[in-house]
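Notes follow the structure.
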Amino acid sequence: MNITLEQSIQNADGRYLTDSELDTLHVYIKTYEARLKTYTLLQEKSGEYILLALQKLAKTDAQTVQQHKDKCIRDMDYVVRSIAIAILRDDEEGFRQELLLWMQNIMVALHKEQQSSRAYRMLQEVVTQEMPKECSDLVNHYLDEFTKALLAGVA
Amino acid sequence: MLSQLQKLSIETEGRYATDDELAIITEYMQAFHARVEVYEALVKAEGKIIQEVFETIEAKHPEVFRGSKNLKDKWKTDTIRVLRYTAVAMLMNDPKTVRERFLAWFQTVMRAFSAQASCDITYRVMESVMARHLTAEGMALVQPFLELNRQVLGQSS
């Protein structure tokens with residue numbers, strides 16, 4: 001359920017839900033199974049996906065991967081976990097807020113946007129290969145958002 | 001459920017959710033359609049429920065409406081409001097939100113008017129009236145929220 005719906009329901013103040021609010025709720029319930037499946041898969045296998053992505057990245061950025069592997073894994077794990085909870089809750093806005101804060105604090109300061117974005121592109125390839133389509137579509141949507149924001153330098 | 005989802009985000013900071021944490025949400029999703037049916041039945045029957053509760057109270061507990069001239073109108077406005085909150089809270093299975101966003105404040109108002117006894121009667125009668133409009137399964141979903149209303153609004157401090 002997206003954050004707007006959450007807020008409008010919580011602030012409903014003694015009225016019934018509108019048809020549009022009920023429809024959004026129905027859509028969320030309908031897509032919940034795929035969301036939960038995606039969350040559970042990321043929970044179980046994201047470590048493996050991240051390693052596969054870094055192996056792919058090593059073909060073009062071997063030195064970076066060698067020098068910063070642990071940090072890459074830690075950061076990517078954080079991003080993937082944020083994506084997982086955002087997918088489960090259907091909370092793009094929450095993800096954006098968290099991502100902006102995180103990138104402003106860490107990523108941009110390190111000036112590694114190009115390599116980082118390549119790493120996340122590799123992760124998208126792995127996700128596409130390894131996850132069922134209904135799950136990879138959800139994850140890649142968020143990874144798209146993330147890499148775009150990364151390259152835009154969070155203007 | 002909204003509170004559970006928000007709690008999940010906050011409490012799983014830095015980790016994934018446990019099976020138990022996820023099970024609470026999944027359970028809700030599985031029972032969602034039953035909740036929607038009850039919600040829609042309540043929306044549809046609101047007028048009748050309020051009228052039947054009103055008539056029962058007037059017949060069996062006339063003291064509730066003794067006092068100021070517009071007490072009956074005020075009672076209706078308040079009771080409709082509580083019923084709507086109850087329906088939404090049942091749909092979302094979210095006692096925490098209704099308690100924090102509405103009942104805590106409304107309790108203060110009811111106490112200021114010394115209306116606890118009237119609330120206690122109203123939500124007891126409402127339960128018996130609703131049982132005539134809902135199935136036993138539907139009643140089982142609403143009952144905890146009616147009980148919450150009665151406990152928060154109907155008890156003296």
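The values are calculated or read from the model by the stated rules, or taken from the named source; none is laboratory data. None of the values given here were measured: they were computed from a predicted structure. A quick note on method: Cβ atoms are made from the backbone with ideal geometry, for glycine too, and the neighbour counts reach across all protein chains shown. Remember, those area values only see protein heavy atoms, side chains included, never the ligands or the DNA or RNA. Shrake-Rupley method; radii C 1.70, N 1.55, O 1.52, S 1.80 Å.
Observations on the model:
- Shielding by partners, peptide B:39-48 (average Cβ within 10 angstrom, other chains): 1
- Calculated from backbone phi, Karplus (6.51, -1.76, 1.60) coupling profile of region A:73-84 in Hz, x at Gly/Pro: 4, 4, 5, 5, 4, 5, 5, 5, 5, 5, 5, 4
- Computed over the alpha carbons of the protein assembly as shown, Rg followed by Dmax gives 25.3, 85 Å.
- For the residues A:16, A:142, A:49, a GNM of chain A with alpha-carbon springs under 10 Å puts the largest fluctuation on A:16.
- Total accessible surface hidden between B and A, rounded to 100 Å², 1.4 Å probe: 2900
- Table column - 3J(HN,Hα) (Hz), region A:139-148, Karplus curve with 6.51, -1.76, 1.60, x for Gly and Pro: 5, 5, 4, 6, 5, 4, 3, 5, 5, 4
- Separation between Cα centres of region B:42-73 and region B:87-148, rounded to whole Å: 15
- Leading residue at positive end of dipole, region B:1-152 (Cβ point charges), from B:80, B:133, B:102: B:80
- Highest average packing first - A:128-134, B:29-35, Cβ atoms within 10 Å: B:29-35, A:128-134
- Per-selection Rg to Rh, chain A - Cα, Kirkwood hydrodynamic radius: 1.04
- The calculated 222 nm mean residue ellipticity attributable to helices in the protein assembly as shown amounts to -27000 deg cm²/dmol, summing -39500 (n - 2.57) over DSSP H runs of n ≥ 4 and dividing by all residues.
- Accessible-area rank, largest first, for B:118, B:68: B:68, B:118, with all protein chains present and a 1.4 angstrom probe.
- Most to least accessible of A:137, A:91 (protein chains only, probe 1.4 Å): A:137, A:91
- Sequence-distant lysines (8 or more away, or on other chains) whose Cα lies within less than 20 Å of residue B:69: B:60
- Too-long pairs where the Cα-Cα distance tops 19 Å, listed order kept, from B:48/B:74; B:76/B:96; A:71/A:112; A:56/A:112: B:76/B:96
- Per-residue Karplus couplings for region A:114-124, computed as 6.51 cos²θ - 1.76 cosθ + 1.60 with θ equal to phi - 60°, are listed in order as 5, 5, 4, 5, 5, 4, 6, 5, 5, 5, 4 Hz, Gly and Pro entered as x.
- Accessible area (Å², 1.4 Å probe, nearest 10) - residue B:105: 130
- Sequence of A:78, A:28 when ordered by accessible area, the most exposed leading, probe 1.4 angstrom: A:78, A:28
- Residue by residue along A:76-82, Cβ atoms of other protein chains within 10 Å of the local Cβ number 1 on average.
- Average beta carbon contacts from partner chains per residue of A:7-14, 10 Å cutoff: 6
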